[in-house]
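Written out below as structure tokens is the structure these notes cover.
The values are calculated or read from the model by the stated rules, or taken from the named source; none is laboratory data. If you're wondering where the values come from, they're calculated on a predicted model, not measured in any experiment. Positions of Cβ are generated from backbone atoms using ideal geometry, with glycine treated the same way; all protein chains shown enter the neighbour counts.
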Amino acid sequence: MAKTNNPSSGTSSQLTKKAASSSLGAPAQRNQSSRKGKRAWRKNVDLDEVEEGLEELRSEERATGTTLQKKKNEELFQVDVTGDDEVRKTLPKFSERVLTSTKILSQRSAVPAVFSRTTDSAAKAGAKRKAVTHDEKTRLLKMGKRLRRGPFDAFVDPDQVGEGSATLELSEAAKKAGTYDVWAEEVPEKIAVKAPQSQHPRSMIALAAVPSPHEGTSYNPSVVAHQELLRTAHQVEEQKWKGVDELEATKAKIEKARAIAAAEAATASVVGTAPGMNIDEPGEAEAEEEDASAEPLPPKKMPGRKTKQQRKKAERLRAERLALAEKAARKRMLASVDSAKALRKALSRNLATRERLREQQQLAEQKKLKEGLAGQKIGKHKVPEGNIDVQLGEELSESLRGLKPEGNLFKDRFISMQQRALIEPRTPVLTRTRRKTKEYEKHSYKRFDREY
């Protein structure tokens with residue numbers, strides 16, 4: 001029998017295993033009949049389009065240094081108005097004599113080359129490397145557990161300083177050699193002191209050093225001015241005595257509490273119990289027992305075990321309460337969302353009101369500060385207000401000859417300096433030295449009973 005050359009007589013495996021090759025020359029096996037497993041899918045995926053796109057990006061990077069997408073319009077486009085006659089001369093001319101290999105080698109890439117070590121060309125290209133210092137090299141050798149060679153080709157151990165051939169650390173004088181001049185004059189460093197942000201109260205005080213006295217302090221004052229000064233002095237003294245009375249009442253309460261505590265302690269010492277413990281009398285316990293026997297208390301009923309139906313009912317009621325609570329919370333949240341604009345307006349009004357109140361408070365404090373620091377507590381002490389010098393009606397003298405001087409000029413000046421924030425407030429410190437007297441008894445008085 002003669003064999004017929006029928007192409008269909010070939011096996012199906014020869015048709016399906018037709019090798020496919022990529023445009024770049026890489027082997028490909030994408031015409032596989034079965035793609036059941038993950039390996040088959042990964043191995044037979046068509047990546048021609050992706051490789052073409054990456055190759056275009058690489059060609060752009062070789063030609064321009066970066067991809068065209070990263071460049072700005074000013075770098076890509078330029079409007080030439082005048083033109084250049086030298087362009088034609090600079091363009092390369094086509095020559096048939098130039099070899100193809102020469103043309104390929106002349107196409108240099110715009111991407112800088114990668115250098116493994118520092119060279120002159122790498123330094124020119126901008127890929128400089130920082131030189132390794134002596135200490136850094138020592139540290140690296142120590143990390144690598146390698147010994148370093150010192151003078152006379154001997155091994156040096158940097159940990160053992162001062163022993164054998166180990167290196168010696170330089171002193172501070174050797175490190176600073178040549179940088180310090182012994183005969184030069186020392187120039188003190190100027191330290192910039194920042195001014196405080198808060199204003200000193202002294203600059204806002206408008207109190208005069210010697211304030212003008214009241215009209216009522218005159219030797220021949222008017223009736224109205226004299227009565228007004230007397231009323232002011234009376235109010236000041238009344239406030240003082242009020243504070244004294246409050247202090248005396250507090251002292252009395254303390255003394256009373258101490259007396260009660262002492263009495264309880266004395267009673268406890270007699271009975272033999274700790275102070276503060278109440279002792280029941282015998283009659284009180286019997287009366288309580290009689291009352292308990294007369295009216296017996298009802299017995300407390302213990303709650304029984306709930307049935308399954310009761311437990312389900314309680315669970316249902318608990319779920320209903322939770323649902324109602326969630327519904328109420330959701331309703332409040334929706335109401336708050338709807339009223340967000342009103343809340344924002346109310347908040348802005350509150351902030352404006354607070355700002356206005358703060359400004360009013362600052363203005364009031366500044367106005368009060370203009371009159372001085374009298375009556376304010378600065379630090380531990382209070383600035384004194386000063387005494388009011390006033391004379392009674394029978395003490396007034398209608399002439400300068402009968403005028404009696406009052407007050408103390410030094411004390412007034414000292415108080416005025418405290419009120420104007422020139423000095424800090426102080427309290428007088430009285431130092432009293434008590435000398436102990438020694439008694440000596442002479443021998444004549446020791447022997448007073450002796451007859452001479």
Discussion item. Yes or no: the stretch 385-392 includes at least one residue that is modelled with pLDDT under 80 and either of a type in the set (Val, Ile, Thr) or surrounded by 10 or more Cβ atoms within 10 Å (Cβ to Cβ) (or both).
Written reply: no
Practice prompt. Give the stretch 360-384 a look and list any residue that's surrounded by 10 or more Cβ atoms within 10 Å (Cβ to Cβ) and in contact (Cβ under 8 Å) with a residue 40 or more places away in the chain, or say none.
Written response: GLN366, LEU369, LYS370, GLU371, GLY372, LEU373, ALA374, ILE378, HIS381, LYS382, VAL383, PRO384
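If I go through the stretch 402-415 residue by residue, how many of them are over 45 Å from the mean Cα position of the chain (by Cα) and at pLDDT 80 or above?
6
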